[in-house]
Amino acid sequence: MRVMNVAVLFCVLLVGLVGLGAFGEAEPQYGGELVYAYPGEARSLFPGTVWGWLEMEIWANCLETLVQRNAEGELVPYLAKSWDFSEDGLQCTFNLREGIQYADGSPFNAEAVEFVYSEALRVPFGSVSMLSGVNKIEATDEYTVVFHFDKPLASFIANMSCSSLSLWSPALYQEHGKDYMDTHLLGTGPFMLDEWVHGEYIRLVKNENYWQDGLPYLDAIKYVIVPDESVRIMMLEAGEADRTINVNDFELERLDAAADITVRTIPSARQYYIIINNVVHPLDNANVRRALNYAVSKKGIVQTVFAGVGAAVPRAPILSENVAFFTDMTKPGEDCLYEQDLDMAARYFALAGFEDRDGNGILEDPYGEELTLKLWGEEGHYKGDVKLFEALGQMLSNAGVKVETQILEHATYSAKFRLEPERAEYDLGVLAWGIPTLDPDEVALNLFYSYLDLPRPGINRMFYGNPEVDALAMEQHYAIDPVERQALLDQWAAQVVEDAPVIFMPTLSLNLVTRTYLHNDEIRSNEAFPHAFAWLDQEEMARQGVSR
């Protein structure tokens with residue numbers, strides 16, 4: 001007897017969708033290079049090393065997972081045909097698709113799956129938290145692989161859809177080693193890495209041996225690194241780029257009115273948050289962290305930074321409404337977490353010993369030391385990041401905090417936020433966290449889990465830790481009863497809100513701006529942008545005066 005038996009939901013390969021009937025438009029055309037003006041640079045292309053926005057874009061097109069979130073957000077088999085859980089919930093068996101090869105010609109089979117995930121546990125890789133509770137992976141025949149658990153896992157299938165668990169080529173890894181994988185990428189996906197010129201572009205080319213017949217349509221995708229939003233917009237309007245994201249929401253109405261440009265916006269699972277260094281004085285005091293939260297107008301930022309349409313106020317800690325088990329954690333009478341209340345901010349600052357003692361508008365401790373905090377930000381990586389940074393600095397200043405601000409470029413910024421607590425130089429920093437699995441387990445066991453206990457400590461950049469929060473996070477990880485899991489997650493979220501380890505900020509909406517000759521490119525709330533079906537209308541490109 002089986003608890004779950006998932007039928008082969010992809011009984012017809014995706015190629016069956018191709019053509020007039022699938023998308024209701026002209027027959028797709030082969031050829032051409034998609035030029036994609038992208039706001040940020042990658043640090044590494046190996047899923048075991050990093051977990052960033054551009055990296056996930058590359059993985060979505062070069063690598064694949066056993067399970068995938070489809071365009072509707074549903075979990076469906078992908079490289080696996082089906083999965084089954086044992087009656088006791090301690091095993092999950094995947095039946096794999098047959099006849100698939102990696103782009104280097106090596107076979108995709110159960111042995112490859114066993115190697116990739118066993119190596120992730122052995123090293124361990126940064127993605128290992130997604131496999132928390134897995135104690136063994138076993139290839140039982142060429143196309144069957146079994147995962148063994150310590151206890152039944154509530155989020156296992158959702159986690160297996162995460163792009164950080166994409167299946168890269170074991171042959172390449174075994175020949176060259178882990179470091180080589182940072183700059184070389186081979187998977188089973190529709191595209192493969194051709195060239196990476198750091199700071200300039202990443203170019204993917206068509207995988208001629210892709211397992212889905214007839215796909216992809218494009219010959220290549222070129223990610224041109226352009227942090228400056230205004231330059232990306234100019235490139236798009238001039239036809240120098242076919243696609244861009246993270247456009248200023250105040251520009252969208254104007255762009256949408258252009259005859260040759262299409263604008264799409266959808267809610268995402270990515271929420272801004274302001275890192276608070278929880279181990280330095282006075283930020284180790286929860287009252288100071290609560291005061292900082294009350295000092296910031298989340299509703300004001302939605303209006304002034306995101307034009308009232310490009311973001312939504314936070315209602316749960318780093319969880320948006322399209323994430324499973326979301327619960328609105330706002331208090332009665334409030335419409336977001338810690339909406340601005342300068343009186344409450346002053347009250348919590350006073351509880352921590354900070355008041356404006358000399359009337360100069362700056363808070364001081366009982367010894368006359370001014371409350372001075374270093375606020376860091378970066379430019380161009382996330383939509384609205386600089387404007388949000390500027391608004392945040394002003395709001396904290398208005399609440400009596402002396403703010404020292406600094407904007408860094410992305411690579412330097414990321415590196416500085418991966419240092420140990422004793423080497424960290426920041427007090428506050430602007431970041432955003434997305435949830436590609438659309439499951440809260442990722443946040444509970446990564447972002448807010450005690451720093452020293454994390455498999456990948458660099459994720460908890462606040463150096464926050466609460467044993468009660470950790471215990472609830474681990475309990476929900478194993479709670480396969482949805483009702484029980486919901487109750488545990490609600491307790492977990494309530495305690496995180498109370499501890500205020502970050503300043504909770506708005507949830508982003510994703511926007512995608514393209515030339516109208518680009519068809520069937522996707523935008524999904526979990527930030528997957530697959531291009532297997534995308535195609536360029538060559539005649540329309542010529543009509544618009546675009547030739548390359």
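Results, tabulated for the structure shown:
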read-out: All positions within the range 144-157 that are surrounded by 20 or more Cβ atoms within 10 Å (Cβ to Cβ) and farther than 22 Å from ARG69 by Cα; value: PHE149
read-out: Residue within the range 448-468 that is of a type in the set (A, V, I, L, M, F, W, C) and touching a strand residue (DSSP E or B) at 6+ places or on another chain (Cβ under 7 Å) present; value: yes
read-out: Residue, nearest to SER44 (Cα to Cα), within the range 376-428, restricted to residues that are within 23 Å of the chain's Cα centre (by Cα) and acidic (Asp, Glu); value: GLU409
read-out: Hey, ASP343 under 39 Å from the mean Cα position of the chain (by Cα), farther than 19 Å from ASP284 by Cα and either at pLDDT 95 or above or surrounded by fewer than 19 Cβ atoms within 10 Å (Cβ to Cβ) (or both) or not; value: yes
read-out: Of the criteria (1) out of contact with any Phe, Trp or Tyr (no Cβ under 7 Å at 6 or more places or on another chain); (2) modelled with pLDDT of 80 or more; (3) within 20 Å of GLU522 (Cα to Cα); (4) not hydroxyl-bearing (Ser, Thr, Tyr), which one PHE85 fails; value: (3)
read-out: Residues being of a type in the set (A, V, I, L, M), within 20 Å of the chain's Cα centre (by Cα) and at pLDDT 95 or above - total across the range 303-322; value: 4
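Conditions (1) surrounded by 17 or more Cβ atoms within 10 Å (Cβ to Cβ); (2) farther than 20 Å from SER132 by Cβ, marked per residue:
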site: VAL469; (1), (2): yes, no
site: PRO482; (1), (2): no, no
site: ALA493; (1), (2): yes, no
site: THR516; (1), (2): no, yes
site: GLU540; (1), (2): yes, yes
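The values are calculated or read from the model by the stated rules, or taken from the named source; none is laboratory data. What you see is a predicted model, and the numbers here were worked out from it, not measured in a lab. FYI the Cβ positions are ideal-geometry reconstructions off the backbone, even for glycines, and counts take in every protein chain you see.
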